[in-house]
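Note sheet for the following structure.
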Amino acid sequence: MLSLLHQRGPLIFGDMAAELAMDRSSLSANLAPLFRRRLVSTIAHKGDRRKRQLHKRHNQCTRQGRSL
């Protein structure tokens, strides 16, 4: 999930679920640890405020993280 956000940039929650072939509830459960560790956060989508957009909180990835 972090790799996808690093490669593609901010993604709408539903688009990420589709990209990973997951339902929204499974994606939410898998993202929970990343939210707790403050690696991922959500912002309201600029075009449609009902949608949540996921993004990485830190712009830098370690070499180890980029290799995943």
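The values are calculated or read from the model by the stated rules, or taken from the named source; none is laboratory data. Just so it is clear, the structure is predicted and the values come from calculations on it, not from any experiment. With ideal geometry, Cβ positions are generated from the backbone for all residues, glycine too; neighbour counts draw on all protein chains shown.
Inside the stretch 2-60, can you point out the residues that are at positive phi and not small (Gly, Ala, Ser)?
38
Condition check ((1) under 12 Å from residue 2 (Cα atoms); (2) at pLDDT 80 or above; (3) out of contact with any Pro (no Cβ under 8 Å at 6 or more places or on another chain); (4) of a type in the set (Gly, Ala, Ser)) across all residues:
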position	(1), (2), (3), (4)
23	no, yes, yes, no
26	no, yes, yes, yes
31	yes, yes, yes, no
39	yes, yes, yes, no
45	no, no, yes, no
48	no, no, yes, no
53	no, no, no, no
58	yes, no, yes, no
65	yes, no, yes, yes
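What's the number of the condition residue 2 fails, among (1) farther than 15 Å from residue 57 by Cα; (2) surrounded by 14 or more Cβ atoms within 10 Å (Cβ to Cβ)?
Among (1) farther than 15 Å from residue 57 by Cα; (2) surrounded by 14 or more Cβ atoms within 10 Å (Cβ to Cβ), residue 2 violates only (1).
Give me the pairs, please: first residue somewhere in the stretch 27-49 and in a helix (DSSP H, G or I), second residue anywhere and modelled with pLDDT of 90 or more, beta-carbon distance under 6 Å, and either six or more positions apart or on two chains.
From residues that are in a helix (DSSP H, G or I), the pairs are 27/17.
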